1. Applying the Karplus parametrisation 6.51 cos²θ - 1.76 cosθ + 1.60 with θ = phi - 60° to the phi angles of the range 50-65, what ³J(HN,Hα) value in whole Hz is obtained for each residue in order, glycine and proline being reported as x?
2. First obtain the Kirkwood hydrodynamic radius of the range 69-108 from its Cα pairs, then insert it into the Stokes-Einstein equation at 25 °C and 0.890 mPa s, and state the resulting D in µm² per second as a whole number.
Amino acid sequence: MSAKTSKASFAKTQRSEVSVKANAGAGRGYAETKIKYTDEPLGKVQVVPDFLPSPAELAFREEGVKVTLALSKKSIEFFKSEATKHHTQYQRMIRRLIDAYVDAQAPTRRSSGPRA
């Protein structure tokens, strides 16, 4: 083993020990010993269907419709303030609020046609 290899190995070991000691005192329940993995049966295993959206679905943007809407000054000031805090656009927050309302109402909506 070369001096360079052993020095790198020593540094890696030293970092690992420091990490273990630092994490052990953090109150997170980290074990101070290394986990030893074995080649044992896992027991009953269940395959979970893929529930994550495809990349194409993630990239999909819903078609938007431009509208002119007069809102109260206090509402706009609120959304602008909150948008600044959360590093986003206030229009996006309003749009998501309306979308969330529509989604929440969807199960209770009746499809009986227009009201008289």
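Read-outs throughout are calculated quantities, based only on the coordinates presented, and are distinct from any laboratory measurement. Predicted, not measured: the structure shown is a model, and the values here were computed from it.
1. 5, 10, 7, x, 6, x, 5, 5, 5, 7, 4, 10, 5, 5, x, 10
2. Details: Rh = 11.0 Å.
It comes out at roughly 224 µm²/s.
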